[in-house]
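Let me begin by presenting the structure, written as structure tokens, before commenting on it.
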Amino acid sequence: MSDRSAGLAPPRVVAVLGPTNTGKTHLAVERMLGHRSGMIGLPLRLLAREVYDRIVKLKGVRAVALVTGEEKITPPRADYFVCTVEAMPLSHEVEFLAIDEIQLCADPTRGHVFTQRLLGARGTRETMFLGASTAGRLIRRLLPECEITTRDRFSALTYAGSKKLTRLPRRSAVVAFSAENVYAIAELIRRQRGGAAVVMGSLSPRTRNAQVALYQSGEVDFLVATDAIGMGLNMDVDHVAFAGLRKFDGKKTRWLSPQEIGQIAGRAGRFKTDGTFGVTGEAPDIDEDLVTAVEEHSFEPLDAANWRNAKLDFGSLPALQRSLSLPPDRAGLKLAEEAVDELTLRHLAQDPDIADRARSGDRLRKLWEVCQTPDFRKVTLDEHLRLAKTLYGHLSKGAAGRIPPEWMAEQFAGLDRAQGEIDVLQQRLAGVRTLAYVANRPDWLADAAHWQGTTRALEERLSDTLHEKLMQRFIDRRTSALLKGLNLREDVLAGVGHDGEVIVEGHPVGRLEGAVFTPVEGETLLEDRALKQAAQRVVAPLVTKKLGELAADTDDGFAMDEAGLIRWRGAPAGRLIGGEPFAPRVRLFGDLGGATALQRAQRRLEAFVAARSSALLHPLARLQAASANGSIRGLARGIAYRLIEAGGVIDRAPVAAEVASLSQTERRGLRACGVTFAAFSVFCPALLTPPARAHAAAFATFGEAGSARALAAGGLRRLGGMVVPIEALERLDEAVRVAPHQAGAFVIDEAMHTALGDPSLAAEAVLRALGFVRVGKPVEGRPALWRRPRAAPTPVSAPEPMTEPRSPSPFQALAGLTLVPEPAPPTPAKPRRPRDRSRVNPRTGLAGLPKSPAGLSGLPDSADSVSPALPDPAPRRRRRRPRRKASPGVAS
């Protein structure tokens, strides 16, 4: 019997429109509870669960049903239904029906569902649509009979500009548009501000509620969320900060619309409390006109709603596809884009086996139901199609096809693990949501109730684990700023034992070693925060005192190992993190104590390392000082620079010419700095002691692995593809000198292999890398002969210019004078004598030899040896030729 025939008033249709924080959802719940039965459709499962819990507290669990895609709690005599919009059981008649966020009828992805509810879902007595004011004109156009009521915001919303994450006010929500950005921002807030709660649409209601509880209780003052908070989630947020103004909508990355910015920003401020919004991070500043629109809640009205035909033709598969693509037949509607379910149907219809099975109406309806399975896992299209094909393959077998329990058990077993990190747990939860969706289709399973309970229990277990993981990662229990409700006393009982253990109110909270406090973890979050804050308050003065003692201690109180760990009186105090041996950089352990005390202690550690470098690496220190004050100059200064850059060891061959050109004064200057000119290397022997090597190794870890400096720290040199100890090369030179020689060549003997000290190093390979040459061709039965390399003359580079002027000298003035000699009278040319090429040089005993001994090089180059110069040959006499007399009249 209709309402009109019974003499009752016609059903009322009303739209309550306005910005956020106008109490629209609260009004709808109150109106629904004023009727004997009701149903409300909400845009998110999270919000549906929140409203469900609220009504259960008022009416009891037996009176309220929760219906979502993945979860169904339906008591036999439920009066009130809280649902997601897609899952509303419209066949169930209720007196009151409401749809929240009705402006989503213009959404390109889900809009057609909201449009169907707008046009066809009705309560027998009252229907209410809730949403933004932008939907008013469109609703009036589509539903002329609808009453439209507008509501004003309870509080003001103003723009606060751009703020750094570290400067955001307390009770702020930071909005990002990807899981990666949410995690990165939450991690930064944890380090800078103590911690943050995380809210995303992909979280289960249980995890989301636990995270919101952390924020609402005041345990953390910051919330990092996706745009899911824009859909009616009720939290005490004072400021909303956008970390970006672009989002990926499933097809492309686009700018947020003004309505989306207004919807999200409107979450700031609750009831009579004003709110602010702004940007943070790398987000650009919001345009002034857009700011005005958000503050005044003035946006462009919607011009059309997305629509898809709801009266589908299940006569055949082609008929079903045609009915889905029919255009709307009235103004104010536009055909929706192809949704995921249509795309899935189109691909499955191309499979001949599926097309053959979906001939009857029942089988075709079942196929369409399978295609509407949501893609909770957000996997590739091929993976989603594979799942849909598998489900339909089971459901289309036999007269009453069912999904076999073996398949459900196999899928469940792959998800029934609580180990893993945040991303892994979220992926498993998405898989559980898919199984829960299947389990909540009673005609798909033989034992649907069993699988509903099983999947719900697994979801709760994974949700609790995910909540714990989120807290561990994004909440710093030691440095969280505020502890609500704990009220630590000023006279808190605390002390430090002889072994360094710190006790607060009878609980051990950490250990003090030297000037570093190491806390322990508490059993619960609140206990941990309270004890850590009390420990900091007790330990901080002691740490400041310890830092003062460290800064005043002598070098004997410190030590540093090869890894760069610095200890003070046996306790770890800091670590070498870079720099040079005489200008090191050190990180001080611990964060307690005054800023001045921390800075002084860090400088003291750096001074200790620099002093230790001067003591253990004194040849390098002397070379630096001598180069700076001019004690060594010219070629010697260039060699000193090379030694300093290479860590005290260089190959002699590239600098052989420079070494040969050094004067005795320059050699003495380098030797005074600890430099030795060996046969194959120029190095500082004092740097090869074990303490010096260990100290240099700590700095070598910050350079390039395998570099000359890193090898020098270990007393090594790279020789071709080998790494050879410097001292082994010099022992090899001694072995070569005493080896048997034949005609200037020598034979490799066992002493040379022993000199290298490493079985992996072959004397032949090392000698060849040093430039030694094998003499003649190998002859069987005879030992191979080797000789030293013949040194080719190498041009000596000019000494580098002086950087500092020499001391004034009277000879400088003389050197600067330029004498202009007077022209000498011309002397008559002497007649030339013919050259006697058979003349023998009386000094050398050779005929026709050049004056210079060049070309006679190749003698063994021992340490500091210079080849003696041959005497110049006597000058040759030339035969004079008689001069001709000039003919008369011709110039001579």
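Does the stretch 67-77 hold any residues that are assigned to a loop (DSSP other than H, G, I, E, B), without any contact (Cβ under 8 Å) to a residue 40 or more places away in the chain and under 18 Å from residue 43 (Cα atoms), and which are they?
Across the stretch 67-77, the qualifying residue is only 68.
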Quiz item: Are any residues in the stretch 674-688 closer than 14 Å to residue 620 by Cα, open to solvent by 10 Å² or more (accessible area, probe 1.4 Å) and not in a strand (DSSP E or B), and if so, which ones?
Solution: 674, 685, 686, 687, 688
Quiz item: residue 237 fails exactly one of the following numbered conditions: (1) outside any loop (DSSP other than H, G, I, E, B); (2) buried (at least 21 other Cβ atoms within 10 Å of the Cβ); (3) not aromatic (Phe, Trp, Tyr). What is the number of that condition?
Solution: (1)
Practice problem: Kindly provide the set of residues from the stretch 317-331 that are farther than 15 Å from residue 349 by Cα and either hydrophobic (A, V, I, L, M, F, W, C) or open to solvent by 70 Å² or more (accessible area, probe 1.4 Å) (or both), ordered by number. | Solution: 326, 327, 329, 330, 331
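Any residue in the stretch 623-632 that is in contact (Cβ under 8 Å) with a residue 40 or more places away in the chain, surrounded by fewer than 21 Cβ atoms within 10 Å (Cβ to Cβ), in a helix (DSSP H, G or I) and touching a Phe, Trp or Tyr at 6+ places or on another chain (Cβ under 9 Å)?
For the stretch 623-632, residues in contact (Cβ under 8 Å) with a residue 40 or more places away in the chain, surrounded by fewer than 21 Cβ atoms within 10 Å (Cβ to Cβ), in a helix (DSSP H, G or I) and touching a Phe, Trp or Tyr at 6+ places or on another chain (Cβ under 9 Å): present.
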Self-check item: Residues of the stretch 367-389 satisfying the condition of being closer than 22 Å to residue 449 by Cα, in a helix (DSSP H, G or I) and either open to solvent by 50 Å² or more (accessible area, probe 1.4 Å) or in contact (Cβ under 8 Å) with a residue 60 or more places away in the chain (or both)
Solution: 369
Practice problem: Specify the residue that is least open to solvent (accessible area, probe 1.4 Å); the eligible residues are those in the stretch 601-622 that are under 30 Å from residue 590 (Cβ atoms) and over 35 Å from the mean Cα position of the chain (by Cα). | Solution: 617
Exercise. Filter the stretch 727-773 down to residues that are part of a strand (DSSP E or B) and surrounded by fewer than 17 Cβ atoms within 10 Å (Cβ to Cβ), then give me how many there are.
Key: 4
Self-check item: Scope the stretch 589-622; condition part of a helix (DSSP H, G or I), without any contact (Cβ under 8 Å) to a residue 40 or more places away in the chain and charged (D, E, K, R); matching residues
Solution: 606
Quiz item: Restricting attention to the stretch 745-768, does a residue exist that is under 23 Å from residue 647 (Cα atoms), touching a helix residue (DSSP H, G or I) at 6+ places or on another chain (Cβ under 7 Å) and β-branched (Val, Ile, Thr)?
Solution: yes
Practice problem: Run residue 625 past the list (1) in contact with a strand residue (DSSP E or B) (Cβ under 7 Å, 6 or more places away or on another chain); (2) closer than 20 Å to residue 667 by Cβ and report the number of the one that doesn't hold. | Solution: (1)
Quiz prompt | Filter result for residue 418 (at pLDDT 90 or above and either surrounded by 14 or more Cβ atoms within 10 Å (Cβ to Cβ) or in contact with a helix residue (DSSP H, G or I) (Cβ under 9 Å, 6 or more places away or on another chain) (or both)) | solution = no
Quiz item: Taking the stretch 436-476, which residues are open to solvent by 40 Å² or more (accessible area, probe 1.4 Å), part of a helix (DSSP H, G or I) and among the hydrophobic types (A, V, I, L, M, F, W, C)?
Solution: 449, 457
Quiz item: From the set of residues in the stretch 78-133 that are assigned to a loop (DSSP other than H, G, I, E, B) and of a type in the set (S, T, N, Q), which is nearest to the chain's Cα centre (by Cα)?
Solution: 109
Self-check item: Options 302, 290, 345: the member that is touching a helix residue (DSSP H, G or I) at 6+ places or on another chain (Cβ under 6 Å), closer than 30 Å to residue 235 by Cα and in a helix (DSSP H, G or I)
Solution: 290
Self-check item: Failed item in (1) open to solvent by 30 Å² or more (accessible area, probe 1.4 Å); (2) at pLDDT 95 or above, with residue 115 passing the rest
Solution: (1)
Practice problem: Filter the stretch 579-600 down to residues that are within 23 Å of residue 691 (Cα to Cα) and among the charged types (D, E, K, R) and give me whichever is nearest to the chain's Cα centre (by Cα). | Solution: 587
Quiz item: Right, residue 401: assigned to a helix (DSSP H, G or I) and either open to solvent by less than 40 Å² (accessible area, probe 1.4 Å) or in contact with a Lys or Arg (Cβ under 7 Å, 6 or more places away or on another chain) (or both) or not?
Solution: no
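The values are calculated or read from the model by the stated rules, or taken from the named source; none is laboratory data. Worth saying up front: this structure is predicted, and the values here are computed from it rather than measured. Backbone-built Cβ (ideal geometry, glycine too); neighbour counts: all protein chains shown. Side chains included, ligands, DNA and RNA excluded: accessible areas come from the protein's heavy atoms. Shrake-Rupley method; radii C 1.70, N 1.55, O 1.52, S 1.80 Å.
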